Amino acid sequence: MMQQAGVFIEETDGRVKDSVLGVISYLRQKDVACCAFVISGSPGGHAEQLGAYGVHRIYAIEFQEEAQARNPQFKARAVAEAMQAAGVTILFGQTSPTGRDLLPRLAALFDAPLVMDCTEVDLEDLTVSTSAYSGKTEALYRVRGEYLFFGMRPNHHLKKPAAANPELIPFHAKHRDANGTAFIGKTDTADQGRDLNEAKVIISGGRGLKNGENFQLLFDCARELEAAVGASRVAVDEGWVPYTMQVGQTGLKVNPRLYIACGISGSVQHFAGMKTAGLIIAVNTDPKAPMVKNADYYLLGDLFEIIPKLTQKLKARAVGKKTA
């Protein structure tokens, strides 16, 4: 009998995140039937996209009020009830800000095991691979329980289409009292619309940027690279950029194809958040910096000269393509 698992769907700009589609593709290759749980203003809008990647059932969780959908307590209880209605006992999510908020709440509700930052999950012998000790080693855990929850490492698995005709099932969340928690509002961050978890290219800055205004150099370059901008903990602690941009053990763990570290010394904590990048390039004046030693390629020089020149080259290339 084919195994069944649920996947919590995260979206950006009205589209399902590529990293979520990668998880669905990964499970499908393991002969696991996927049931999607969607919280959205128009969940049915995702049916075509999810069906194109092999999802067979979509539970569209609806709330009486929009504020309830943004309340973490309401959201977790609604997903828990939808899982029970669907007969799903295994749920996959992302090791993302949303996943870090939702999955522990769900695991607590079911008194169930939870493993985050998973790279591989074997549902037959219930073993899970993840990183440990600041990314220095890989750990293999065996889990057991009536319900199981897994937060997958974003971008670790690539999306691969496989057509299906999903059944869309509306699920109305129960109305509850707020229990002292209320959604106040949402504040836009300074990442200029690019999601670090989803980014295939990331350019990050550290102490070498000297101040927050100089991060504009990275944003200008990122625009030409179609990249996201990250930062080290030092840059965040100094108040130069918001915490949402922090890459590292205490920030986001990212998995881009290309990571460009500008003026970042490369502490163990920072490296733990980006060591799985496909290619690492360091821009630094210190040849002995740990980031330089751990990079695939490095440029020894002043980032205030190198990054603007790179941006100019990228702009010239883009103009050349348009006129060709």
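Where a number appears in this text, it was derived from the coordinates with a stated rule and is not lab data. Every value quoted in this text rests on a predicted model; they were computed, and no experiment measured them. We place every Cβ from the backbone using ideal geometry, glycine too, and count neighbours over all the protein chains shown.
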Next item on the list: Project the alpha carbons of segment 3-172 onto their principal axes and report the range along each, largest first, in whole Å.
Entry: 44, 34, 29
Margin query: For the chain, what does the helix formula give at 222 nm: sum of -39500 (n - 2.57) over DSSP H segments with n ≥ 4, over the residue count, nearest 500 deg cm²/dmol?
Written below: -9000 deg cm²/dmol
Check: Can you give the Rg to Rh ratio for segment 201-323, taking only C-alpha atoms and Rh from Kirkwood?
Finding: 0.96
Next item on the list: Give me the distance in nm between label points sitting 7 Å out from Cα along the Cα-to-Cβ direction at Asp13 and Gln269, one decimal.
Entry: 3.3
Check: Measuring from label point to label point, each 7 Å out along Cα→Cβ, what is the Asp31 to Glu48 span in nm?
Finding: 3.3
Next item on the list: Can you tell me the FRET efficiency between Arg317 and Asn211 if r is taken as the Cβ-Cβ distance and R0 is 35 Å, rounded to the nearest 0.05?
Entry: 0.75
Next item on the list: Would you mind checking the tilt of helix 215-225 against the longest principal axis of the Cα atoms of the chain, expressed as 0 to 90 degrees and rounded to 10?
Entry: 70
Check: Once the Cα atoms of helix 303-323 and of the chain are each reduced to a long axis, what angle between those two axes, in degrees from 0 to 90 to the nearest 10, is obtained?
Finding: 70
Check: With a Cα-only, solvent-free Debye model of the chain, what are the log10 I(q)/I(0) values at q = 0.08, 0.10, 0.11, 0.12 Å⁻¹?
Finding: -0.41, -0.63, -0.75, -0.88
Next item on the list: Sticking with the crude label model, points 7 Å out along Cα→Cβ, report the distance from Lys160 to Glu65 in nm, one decimal please.
Entry: 4.6
